[in-house]
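S.K.: Next up is a structure, given as structure tokens.
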Amino acid sequence: QVQLVESGGGLVQAGGSLRLSCVVSGSIFTTDTMAWYRQAPGKQRELVASITADGITNYADSVKGRFTISRGNAEKTVYLQMNSLKPEDTAVYYCNVWIVGFEYWGQGTQVTVSS
């Protein structure tokens, strides 16, 4: 049974930073592409950033230069370092991982940026 557990969300003032973590548990040996999505109230879920098994990254235009996605050495962890946060970054952030052709989602962690 594969599970994704996110942590690191919270309330921060505009201009501040947060670091999200996602740990993949279960009997897996490797992960494929790992990503972070977010969903703000009344909006569709959108891709924030992704990283392939080879370390190739992709970012939404709205977060380029402010957010950094990275993978842990054990291939079971993905991080999202968020700097210079803006009120429009407020959303529930979801971890997404592909493992051998199957897609898994975390339960989400709330990020709230106050102005």
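The values are calculated or read from the model by the stated rules, or taken from the named source; none is laboratory data. Keep in mind the model is a prediction, meaning the values are calculated, not measured. Here the Cβ positions follow ideal geometry from the backbone for every residue, glycine too, while neighbour counts run over all protein chains shown. Note: areas computed on protein heavy atoms with side chains; ligands, DNA, RNA excluded. Shrake-Rupley method; radii C 1.70, N 1.55, O 1.52, S 1.80 Å.
S.K.: When you scan segment 1-60 for strands (runs of 3 or more DSSP E) that lie fully inside it, which ones turn up with 2 or more residues that are of a type in the set (A, V, I, L, M) and at pLDDT 95 or above?
M.R.: Working: elements: 3-7, 10-13, 18-25, 34-39, 46-51, 57-59.
Ranges flagged: 10-13, 18-25, 34-39, 46-51.
S.K.: For segment 1-28, which positions are farther than 20 Å from SER70 by Cβ and not small (Gly, Ala, Ser)?
M.R.: So the first thing to find is which residues in segment 1-28 are farther than 20 Å from SER70 by Cβ, and the list is 1-3, 11, 13-15, 26-27.
Within segment 1-28, GLN1, VAL2, GLN3, LEU11, GLN13 meet the criteria.
S.K.: Something else about it: Criterion first (in a loop (DSSP other than H, G, I, E, B), touching an Asp or Glu at 6+ places or on another chain (Cβ under 8 Å) and open to solvent by less than 40 Å² (accessible area, probe 1.4 Å)) does VAL63 satisfy it? Explain how you work it out, then say what you get.
M.R.: Details: in a loop (DSSP other than H, G, I, E, B): yes; touching an Asp or Glu at 6+ places or on another chain (Cβ under 8 Å): yes; open to solvent by less than 40 Å² (accessible area, probe 1.4 Å): yes.
So VAL63 fits the description; yes.
S.K.: Determine if segment 9-16 includes at least one residue that is without any contact (Cβ under 8 Å) to a residue 40 or more places away in the chain and either exposed (fewer than 11 other Cβ atoms within 10 Å of the Cβ) or more than 17 Å from GLN107 (Cα to Cα) (or both). So that I can check it myself, show each step before the final result.
M.R.: Initial filter on segment 9-16 (without any contact (Cβ under 8 Å) to a residue 40 or more places away in the chain): none.
No, that holds for no residue.
S.K.: For ARG45, are the conditions met, namely being surrounded by 14 or more Cβ atoms within 10 Å (Cβ to Cβ) and within 26 Å of GLN1 (Cβ to Cβ)? Explain how you work it out, then say what you get.
M.R.: Values: surrounded by 14 or more Cβ atoms within 10 Å (Cβ to Cβ): yes; within 26 Å of GLN1 (Cβ to Cβ): yes.
It is true that ARG45 is surrounded by 14 or more Cβ atoms within 10 Å (Cβ to Cβ) and within 26 Å of GLN1 (Cβ to Cβ).
S.K.: Of all residues in segment 71-109 being of a type in the set (Lys, Arg) and open to solvent by 60 Å² or more (accessible area, probe 1.4 Å), which is nearest to VAL12 (Cα to Cα)?
M.R.: Step one: list which residues in segment 71-109 are of a type in the set (Lys, Arg), which gives 71, 76, 86.
Those still in the list that are open to solvent by 60 Å² or more (accessible area, probe 1.4 Å) too: 76, 86.
Details: LYS76: 27, LYS86: 9 Å.
Filtering first and then ranking leaves LYS86.
S.K.: Further, regarding this structure: Out of THR68, THR112, report the one residue that is part of a strand (DSSP E or B), free of Cβ contacts under 8 Å to residues at least 40 places away in the same chain and under 20 Å from LEU11 (Cα atoms). Write out each step before concluding.
M.R.: On the way: THR112 fails: free of Cβ contacts under 8 Å to residues at least 40 places away in the same chain.
After ruling out the rest, the residue left standing is THR68.
S.K.: Let me ask another. For residues in segment 20-42 being open to solvent by less than 30 Å² (accessible area, probe 1.4 Å) and of a type outside the set (Gly, Ala, Ser), which is nearest to the chain's Cα centre (by Cα)?
M.R.: TRP36
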